[in-house]
Amino acid sequence: MSLVSVRMRASYGGLHVSGAERIVEEESIPQAVEELLKRPKRYDYLKITLERLKRIEYIETSLPVKSFSFAKPSEARVFALELLHQAGVEREIAKRGIELLSCGANPTGGNMRGAVLMDVESGNRLEPSKERGIRTVRVDWENRAKVKGELLELDMTERTLDALAIATKNLNCGVIAELCWSDDPDYTTGYVASLKLGYVRLSPLKDEGDHMGGRIYFIDSRRAREIIECLEKKAVLIKSLRR
Ligand code: COA
Ligand code: AMP
């Protein structure tokens, strides 16, 4: 079986507006491209990359999904801090992560193009570029349509499908815990993920209209090099949604 990574990125006015990917068999490339072309609402530049994969690794099941709702972001953030602590991140370091995402983790202002890598012990940032960050790439579901249907039944969207795949790969690569909320001003649900806790959706982790967002991957700094290699390079297919 020959598997191909199909990746799309689009920009508008020089700004990245959409990115998405699939890992599919050769005969499904046209369908994957058609789906990816529908993703950006508008663009003036769009690039599709096809890459034949030499090796693929399978993950049996995703993280289990749980959801919690709060009256306001400050309450959800207190709970996120406790979850990160339970996942093995000292409260002080977890607090630093939450503050970093709320103020904007890109030192030149605005959002990063990937995730912060934070040393779980010192809170130091380990990503080689603080503007770019680290991106989790080459990950998809073995049967995307089936898992998408299962998530839709649970009132979740394609956004959760993609974020759950990313979080599942991250932990499989050695990330200890992840904190994420979107940079989309209309999407206020975020999550904390760890092997012990699963994928815990928290709503709302930010206010409506807030353009700031990002991801923090808490890791053991001694493993930084192998974790970065795994996140950015290893091709992974997830077989099923954990119920
Ligand atoms: N955010 C911002 N800019 C991005 C980006 C992202 N997610 N992905 C790509 N870019 C831009 C950057 O300018 C990048 O240059 P850089 O490496 O200096 O940052 C440039 O595009 C080229 O990126 P590259 O990594 O070569 O793209 P690619 O063709 O391999 O595709 C994507 C990678 C787009 C598939 C991947 O980054 C992505 O966005 N995946 C989907 C993530 C997702 O599902 N998010 C939703 C979960 S809620
Ligand atoms: P999103 O959930 O798409 O709104 O992305 C939220 C933030 O996560 C972005 O602002 C980026 O900082 C970061 N990000 C986006 N894509 C990736 C990725 N593939 N891997 C790691 N971080 C990402």
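Per the conditions (1) under 29 Å from ARG243 (Cα atoms); (2) touching a residue at least 40 places away in the same chain (Cβ under 8 Å); (3) not in a loop (DSSP other than H, G, I, E, B), the sole criterion not satisfied by VAL116 is (1). For TYR199, indicate whether it is without any contact (Cβ under 8 Å) to a residue 40 or more places away in the chain, in contact with a Ser or Thr (Cβ under 9 Å, 6 or more places away or on another chain) and part of a strand (DSSP E or B). When the stated conditions are applied, TYR199 does not pass them. Only a single item in (1) part of a loop (DSSP other than H, G, I, E, B); (2) within 11 Å of ligand 1 (Cβ to nearest atom); (3) surrounded by 21 or more Cβ atoms within 10 Å (Cβ to Cβ); (4) not acidic (Asp, Glu) is not met by LEU205, and it is number (2).
When GLU25 is tested against (1) loosely packed, with under 13 Cβ neighbours inside 10 Å; (2) under 20 Å from the mean Cα position of the chain (by Cα); (3) over 22 Å from ASP186 (Cα atoms), only condition (2) is not met. Note on the range 153-165: among residues that are part of a helix (DSSP H, G or I) and without any contact (Cβ under 8 Å) to a residue 40 or more places away in the chain, the one that is surrounded by the fewest Cβ atoms within 10 Å (Cβ to Cβ) is GLU153. Across the range 12-34, the qualifying residues are those that are farther than 18 Å from LEU164 by Cβ and of a type in the set (D, E, K, R), and the one among them that is farthest from ligand 2 (Cβ to nearest atom) is GLU27. When residues in the range 188-243 are screened for being more than 14 Å from THR136 (Cβ to Cβ), touching a strand residue (DSSP E or B) at 6+ places or on another chain (Cβ under 7 Å) and among the small types (Gly, Ala, Ser), 8 of them pass.
Taken residue by residue, the range 99-113 has at least one member that is within 15 Å of ligand 1 (Cβ to nearest atom) and either among the charged types (D, E, K, R) or touching a Leu at 6+ places or on another chain (Cβ under 6 Å) (or both).
In the range 179-193, the qualifying residues are those that are surrounded by fewer than 24 Cβ atoms within 10 Å (Cβ to Cβ) and hydroxyl-bearing (Ser, Thr, Tyr), and the one that is farthest from ligand 1 (Cβ to nearest atom) is THR188.
Of everything listed in (1) farther than 26 Å from GLU232 by Cα; (2) part of a helix (DSSP H, G or I), the single unmet condition for GLU34 is (1).
All of the numbers you see were taken from the coordinates with simple rules; none came from a lab. None of the values given here were measured: they were computed from a predicted structure. Positions of Cβ are backbone-derived with ideal geometry, glycine not excepted, and every protein chain shown enters the neighbour counts.
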